[in-house]
Amino acid sequence: MNPITISAITTHIVNLFEGDELLRDVWLLGEVSNWKKAASGHIYFSLKDAGAALSGVMWKGNAFRHTWLPREGDQVLAHGYVGVYPERGSYQFYADEIRPAGRGQLYAQFEALKEKLATEGLFDAGRKRPIPPQPRRLGVVTSAGAAALRDVLRVLAQRWPLVEVILFPTLVQGGDAPGQIVAALGAANRFGQGGSLFDAGTPWVPLDTILLVRGGGSIEDLWSFNDEGVARSVAASRVPVIAGVGHETDFTIVDFVADLRAPTPSAAAAVPDRWEVIEQLRA
């Protein structure tokens, strides 16, 4: 008899898993259960079907890249590899990408939130604030390195160069984007003020308008702008909000809640042309 250690047999099993071509690079189809995001940022979950279940993990770095993440019961396609967890003597799925099994799932979530907010009156024309015709100070909520920001600044320089622009930088894609967008909108509302964001005793608002913009992308790329928290922050803003998200054919929940929807980031920056105003004054 030649007994071997637990570590040795586990190493042998690990080598078998790592040598299997299917297990090294696999797409799985299954239903999400036991979805939990740990304080570390890692996500733990199970994928299951009618006959089996498989524990899984997505490390923080991979989770951070995802704008859309599933909810309990969602059907998903998940990419990664199956490996051994030696400390527990078990195997699990290590995911690096998760997407909805069908876009119908995303559209169903979109329509459900759209109906909910419409029922609450958040899309009503009567609650939308007028956009100042000749803004003096604009807040721009977007990514600091985004092409959308460059487009906005270019259009403003051409049409209304005297306007002051204050950037409130945020992620516009990824799992942390919705929270950052909400924080940036809050900072834009508080800019130049004392007190809290919704302090009724502070009526003066130093920004004339907020531009909430990002360039085009897939429905998953734009999903942060279908987030309920982001939509409610736009609706609660004291400062009028112009949304310029994606391309002309893209619609997000934020477009319906904003005081004005612009088809592109450039269009969101289309303030009055200085020469048109000069001609009107001369007339």
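Any read-out appearing in this document is the output of simple, stated calculations on the displayed coordinates, not a laboratory observation. From a predicted model like this one, the values you see are computed outputs, not experimental measurements. Neighbour counts are summed over all protein chains in view; Cβ atoms, including those assigned to glycine, are modelled from backbone coordinates with ideal geometry.
A few points about this structure:
- Potential extension, residue 154-residue 236 segment - 0.36 nm per residue separation minus Cα distance: 26.6 nm
- Summing charges over neighbours of residue 14, with a neighbour being any other residue whose Cβ is under 15 Å away from its Cβ, gives -1 when K and R count +1 and D and E count -1.
- 3J(HN,Hα) couplings calculated from phi for segment 166-173 with the Karplus curve 6.51 cos²θ - 1.76 cosθ + 1.60 (θ = phi - 60°) are, in sequence order, 10, 8, 10, x, 7, 5, 10, 7 Hz; Gly and Pro show x.
- Taking amide H positions as modeled 1.01 Å from N, with prolines and chain starts lacking one, no residue 5 or more places away or on another chain lies under 5 Å from residue 171.
- Between the beta carbons of residue 27 and residue 228, assuming R0 = 30 Å, the FRET efficiency works out to 0.50 to the nearest 0.05.
- Under 5 Å between amide hydrogens, built in the peptide plane, is the criterion, and for residue 213 it picks out 141, 244 among residues at least 5 positions away or on other chains.
- Degrees separating the helix 147-159 axis from the principal Cα axis of the chain, which is the longest one: 10 degrees
- Whole-Å distance, taken between Cα centres, linking segment 160-193 and segment 60-79: 26 Å
- Projected label distance in nm at residue 113 and residue 49, using a 7 Å step from Cα toward the beta-carbon: 3.0 nm
- Net lengthening on full extension, residue 220/residue 94 (0.36 nm per residue, minus Cα-Cα): 43.2 nm
- Compared with the dominant principal axis of the Cα atoms in the chain, helix 177-190 is inclined by about 30°.
- Around residue 108: net Lys/Arg minus Asp/Glu count, Cβ-Cβ under 13 Å: +1
- Per residue convex hull volume, Cα atoms of the chain, in Å³: 168 Å³
- log₁₀ of I(q)/I(0) at q = 0.18, 0.19, 0.22, 0.24 Å⁻¹ - segment 6-101, Debye sum with one point per alpha carbon: -0.83, -0.91, -1.15, -1.28
- Model label sites at residue 60 and residue 10, defined 7 Å from Cα along the beta-carbon direction, differ in position by 2.4 nm.
- DSSP bridge pairs, the chain: antiparallel proportion in percent, nearest 5: 60 percent
- Radius 10 Å from Cβ of residue 31, net charge of other residues (Lys, Arg +1; Asp, Glu -1): -2
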